[in-house]
Structures are given as C-alpha cells and as structure tokens.
1. Which FRET efficiency value, to the nearest 0.05, is calculated for His24 and Ser80 with the Förster distance at 41 angstrom and r the Cβ-Cβ distance?
2. Would you be so kind as to identify which of Tyr23, Thr61, Ile43 lies farthest towards the positive end of the dipole of the chain, taking Lys and Arg as +1 and Asp and Glu as -1 on Cβ and the Cα centre as origin?
3. May I ask for the angle, rounded to the nearest 10°, between helix 61-72 and the longest principal axis of the chain, with both axes built from Cα atoms and the value confined to 0 to 90°?
4. For the chain, state the semi-axes of the equivalent ellipsoid (square roots of 5 times the eigenvalues of the alpha-carbon gyration tensor), sorted largest first and rounded to whole angstrom.
5. By how many nm would the segment from Ile41 to Leu72 grow when fully extended, if each residue of separation counts as 0.36 nm and the alpha-carbon distance is taken off?
6. Ignoring the sites themselves, what is the longest stretch of the chain with no GluC sites (Glu not before Pro) in a DSSP loop and at most 14 other beta-carbon atoms within 10 Å?
7. Read phi for every residue in segment 16-21 and hand back ³J(HN,Hα) as whole Hz from Karplus 6.51 cos²θ - 1.76 cosθ + 1.60, θ = phi - 60°, with x for Gly and Pro.
Amino acid sequence: MTLLAPAKINPFLAVGPPDERGYHPLRTIFQAVGLYDEIEIEIEPGEGVEFVGQAVPAENTVTKALRLAYELRPDLPHVSV
C-alpha cells in the first residue's frame, strides 16, 4: 500500500504560556504546498515495525501510531515502512 503524506508550511505560529497541564496553546496557520512524501507499507513476517530506506528516528509519529495500534490490536501483522 502506498500513502501520500502532503507537505505544509507554517507561515504563522504563536505559542502561549503553558496551562495547568503543561500544554501550550497554539495559534497557527498551515498552508498546503504541492509536495508530498510517499510512504509504502507492506505486511512482512515478524513482529512490530521495520523502517526500510532513509534513516528514520526511532521515535516518530508513525512509530507512536503503530504502537497504539498494536496495543489495541496485538494481532496486527508486522509491517515494513
């Protein structure tokens, strides 16, 4: 399966002081641009997730999303990205 991850720019960002939970309120404007990354996902034998190709940090939004998916559905197959 190939997915497209559209790129965007952030021409405006205002970060407020943290609230009682430590979160900063954000005011932002995103603008889509005509670029994207292609993400290929394939089911593979094994467990967990494997990144193939470009160097990818071990902790990223894909690993966080897949970790949650595996917690909710431990029967999901191993994938390479």
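Just so it is clear, none of the values below were taken in a lab; they were calculated from the coordinates. Not measured: the values here are computed from a predicted model. Quick reminder, even Gly has a Cβ in these numbers, built from the backbone with ideal geometry, and neighbours come from all protein chains shown.
1. Values: r = 35 Å, r/R0 = 0.86.
That pair, His24 with Ser80, gives E of 0.70.
2. Value computed over the given set: Tyr23.
3. Approximately 60 degrees, to the nearest ten.
4. Details: eigenvalues 184, 78, 20 Å².
Three semi-axes, in Å: 30, 20, 10.
5. Working: separation 31, 0.36 × 31 = 11.16 nm, distance 1.92 nm.
Stretched fully, the Ile41-Leu72 segment lengthens by 9.2 nm.
6. Working: sites that count: Glu20, Glu47, Glu59.
After excluding every exposed loop site, the longest remaining stretch is 21-46.
7. So the Karplus estimates, Gly and Pro as x, are x, x, x, 8, 5, 8 Hz.
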